[in-house]
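Trainee: Provided herewith is a single structure, encoded as structure tokens, for subsequent inquiry.
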Amino acid sequence: MVQAFHNAGIKVYMDVVYNHTAEGGSWSSSDPSTATIYSWRGLDNATYYELTSGNQYFYDNTGTGANYNTYNTVAQNLIVDSLAYWANTMGVDGFRFDLAPVLGNSCLNGAYQSAAPNCPNGGFNFDAADPNVAINRILREFTVRPAAGGSGLDLFAEPWAIGGNSYQLGGFPAGWSEWNGAFRDSLRQAQNELGSMTISIGQDANDFSGSSNLFQASGRSPWNSINLMDVHDGLTLNDVYACNGSNNNQAWPYGPSDGGTSSNYSWDQGMSAGTGTAFDQRRAARTGMAFEMLSAGTPLMQGGDEYLRSLRCNNNAYNLDSTANWLTNGWTTDQSNFYNFAQRLIAFRRAHPALRPATWYSSSQVVWYQPNGSVATSGYWSNTSNYAIAYTINGPSLGDANSIYIAYNGWSGSVTFTLPAPPSGTQWYRVTDTCNWNDGANTFVTPGNEALIGGAGTTYGQCGQSLLLLISK
């Protein structure tokens, strides 16, 4: 399978879960001394699991009952040997590490507390500076793929767990990429929570340009930010804009399921209140997908998002082996139209290296504009009543034949944008406008079919909660 994908020019990443095993923990509060024994627990409990003081009970901040003891050298060997097998023998190109902060845990079990003062009662302490934590041993024993490509592994961390100091977005060392949950949350809030939360257009701009606040100081690059709007844990892209929260306690085939986050930042665009339409929901989904595909960083999308797959608001459907949870190609016209949009958006990203910077944008490569066409000042960034922003990317300075203009209107009403000057001898042409009027099979046009908009000083009325993409030609 790996070779077949490689023959088609596709990398293969393996999702690995080195934070717990099937043995679970002490599930019964009435008898916390009893736990299931399948393998490691029966071989050497205190080596393979992180135990609380006295080596009697299991420490858990994974939600699965017991932490695998990633700080113990013997237990680490299992992780490293496993990675080596899949990389060197089976040929996978990299790994996504589930609940990866557990691999940065510097705590051993209770018997070693005198040597670990930051680990009370077994505890958990993420310490990327400790050379002996698993994330640093992995860096020592494997070659990370260089930025320019070539041989080596790609390492992706899910940078959160449960409790303690386990939310470590931005905390991993150089060599690691991270799923950017702040990108997801802040941009969902910008779309769905205006009026109930304070939204920062400055944070949105930081998200669009690679999240330098998280990754630059540690010597990493924009592509180390894995930009997502949704993923397998949580609502689908469609449901982020079609649901007011989750609904997991529903009948088969869409439920029931348990668990799932309560922080969805989702909204049905007023549909249930009679103020929104299905057009509004599709517009919001187009805008959300455009966020991840047009931002600096590495986009991550969930299978099925390309055709607006819905789970009817179930945000933790891990247990549903049902027709509702299977991918399908039996699409409605609206789903086929969205597929066209998604496919062309991905192709546009691939065709424009200016959207995929290897290093951080300079002030001459990206210029930010207020809707009136003037350059955005520090006062504009800090004012939380501003919810519209535009920017240009200087394509030729980044190996791109075209410069790019992107405008985002976060308001519910229309905003008029005044366009800055395109490069000399060119004018601005529209590639896509995610507004309702442009809903259909050609929302995102194919190359050569862009519509002429104009040059410097041209005004463009942009509908509420939408995105405009122009290129210079």
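No lab work stands behind these numbers, since they all come straight from the coordinates. Predicted model, so just to flag it, every value in this text is computed and none were measured. Neighbour counts are summed over all protein chains in view; Cβ atoms, including those assigned to glycine, are modelled from backbone coordinates with ideal geometry.
Trainee: Once you keep just the Cα pairs under 8 angstrom separated by 6 or more residues, what percentage relative contact order results for the chain?
Mentor: So the answer I get is 10 percent.
Trainee: If you don't mind, there's one more thing I want to ask. Take the alpha-carbon positions of the range 117-188, form their convex hull, and give its projected area averaged over all directions (one quarter of the hull surface) in nm².
Mentor: Answer in nm², one decimal: 6.3.
Trainee: Still on this structure, I have one more. Give me 437, 331 ranked fewest to most by other Cβ atoms within 10 Å of their Cβ, as a rough exposure proxy. Walk me through the numbers on the way to the answer.
Mentor: Numbers: 437 11, 331 14.
Starting with the residue having the fewest Cβ neighbours, the order is 437, 331.
Trainee: How large is the Rg to Rh ratio of the range 419-460 when both quantities use alpha carbon positions and Rh follows Kirkwood? Mind dumping the intermediate values first?
Mentor: Details: Rg = 11.5 Å, Rh = 11.3 Å.
When Rh is taken as the Kirkwood radius, the ratio is 1.02.
Trainee: Would you list 406, 346 from fewest to most Cβ contacts within 10 Å?
Mentor: By the 10 Å Cβ count, ascending, the order reads 346, 406.
Trainee: Let me ask something additional. Just to verify a number: FRET efficiency for residue 218 and residue 397, C-beta to C-beta distance, R0 = 22 Å, to 0.05?
Mentor: 0.30
Trainee: How do 283-292, 372-381, 387-396 rank on mean C-beta neighbours within 10 Å, highest first? Don't skip to the answer; put the middle values down first.
Mentor: Values: 283-292: 25.5, 372-381: 12.7, 387-396: 20.5.
With the highest mean Cβ count within 10 Å placed first, the list reads 283-292, 387-396, 372-381.
Trainee: Counting only helical runs of four or more DSSP H residues, what would the 222 nm mean residue ellipticity of the chain come to if each run contributes -39,500 (n - 2.57) and the total is spread over all its residues?
Mentor: -6500 deg cm²/dmol
Trainee: Using the Cα atoms of the range 244-306, I'd like the radius of gyration and the largest Cα-Cα distance, Dmax, both in angstrom.
Mentor: 14.4, 41
Trainee: Another question, then. Could you grab the relative contact order for the range 2-175? Cα pairs under 8 Å, six or more apart, rounded to a whole percent.
Mentor: Answer for the range 2-175 is 22 percent.
Trainee: Additional query: Just grab the label-to-label distance for residue 85 and residue 193, each label 7 Å out from Cα along the Cβ direction, in nm (one decimal).
Mentor: Here the modelled spin labels are 4.2 nm apart.
Trainee: How would 6, 352 line up from fewest to most surrounding beta-carbon atoms within 10 angstrom?
Mentor: Listed from fewest to most nearby Cβ atoms, that is 6, 352.
Trainee: At a temperature of 25 °C and a viscosity of 0.890 mPa s, determine how fast the range 283-424 diffuses translationally according to Stokes-Einstein, using the Kirkwood radius over alpha-carbon pairs as Rh; express D in µm²/s, rounded to the nearest whole number.
Mentor: Details: Rh = 17.7 Å.
For the chosen part, D equals 139 µm²/s.
Trainee: Starting from the amide H of residue 416, placed 1.01 Å from N in the peptide plane, find each other amide H under 5 Å away whose residue is 5 or more places distant or on another chain.
Mentor: 462
Trainee: Another question, if that's okay. Contour minus end-to-end for residue 36 and residue 362, with contour as 0.36 nm per residue of separation and end-to-end as the Cα-Cα distance? Please report the intermediate quantities before stating the final value.
Mentor: Details: separation 326, 0.36 × 326 = 117.36 nm, distance 5.55 nm.
Full-extension gain reported as 111.8 nm.
Trainee: Just the Kirkwood number for the range 2-175, please: inverse of mean 1/r across all distinct Cα pairs, in Å, one decimal.
Mentor: After inverting the pairwise mean of 1/r, the radius is 16.9 Å.
Trainee: Please report the antiparallel percentage of the DSSP beta bridges confined to the chain, to the nearest 5. Walk me through the numbers before you get to the answer.
Mentor: Values: 33 of 51 bridges.
Antiparallel: roughly 65 percent of the beta bridges in the chain.
Trainee: Over the residues of the range 163-259, compute the C-alpha Rg and express it relative to 2.2 N^0.38 Å.
Mentor: Here the answer is 1.27, to two decimals.
Trainee: Follow-up question, since we're still on this one. Simple spin-label model, 7 Å along Cα-to-Cβ: residue 17 to residue 130 in nm?
Mentor: About 2.5 nm, to one decimal.
Trainee: Dividing the convex hull volume of the alpha carbon atoms of the range 207-292 by its residue count, what do you get in Å³ per residue? Intermediate results must be reported in sequence, preceding the final value.
Mentor: Numbers: hull volume 10.8 nm³, N = 86.
In the range 207-292, the Cα convex hull volume per residue is 126 Å³.
Trainee: Now, a different point. Give me the distance between the Cα centres of the range 5-60 and the range 382-399, rounded to whole Å.
Mentor: With the range 5-60 and the range 382-399 each reduced to a Cα centre, they are spaced 46 Å.
Trainee: Between residue 141 and residue 414, what is the spin-label point distance in nm, taking each point 7 Å from the Cα along the Cα→C-beta axis?
Mentor: 6.2 nm
Trainee: May I ask for the distance between the Cα centers of the range 154-170 and the range 232-303, given as a whole number of Å?
Mentor: Spelled out, the Cα-based centre of one part sits 23 Å from the other.
Trainee: Hey, what did the range 361-472 get for relative contact order, percent, Cα under 8 Å, at least 6 apart?
Mentor: It rounds to 30 percent for the range 361-472.
Trainee: Could you give P(r) for the range 361-472, binned at 10 Å from zero, as whole percent values over all Cα-Cα pairs?
Mentor: Pair shares across the bins are 14, 46, 33, 7, 0.
Trainee: While we're here: Hey, if you drop one equal point scatterer on each alpha-carbon of the range 88-246 and run the Debye formula without solvent, what base-10 log of I(q)/I(0) do you get at q = 0.15, 0.17, 0.20 Å⁻¹?
Mentor: Here log10 of I(q) over I(0) equals -0.92, -1.09, -1.28.
Trainee: Out of (i) 32.0; (ii) 22.5; (iii) 24.1, which label holds the value of Kirkwood radius over Cα pairs in Å that was computed here?
Mentor: Correct label, based on the coordinates given: (iii).
Trainee: Next question, about the same structure. Over 23 Å apart: what share of the alpha carbon pairs of the range 275-362 falls there, rounded to a whole percent?
Mentor: 35 percent
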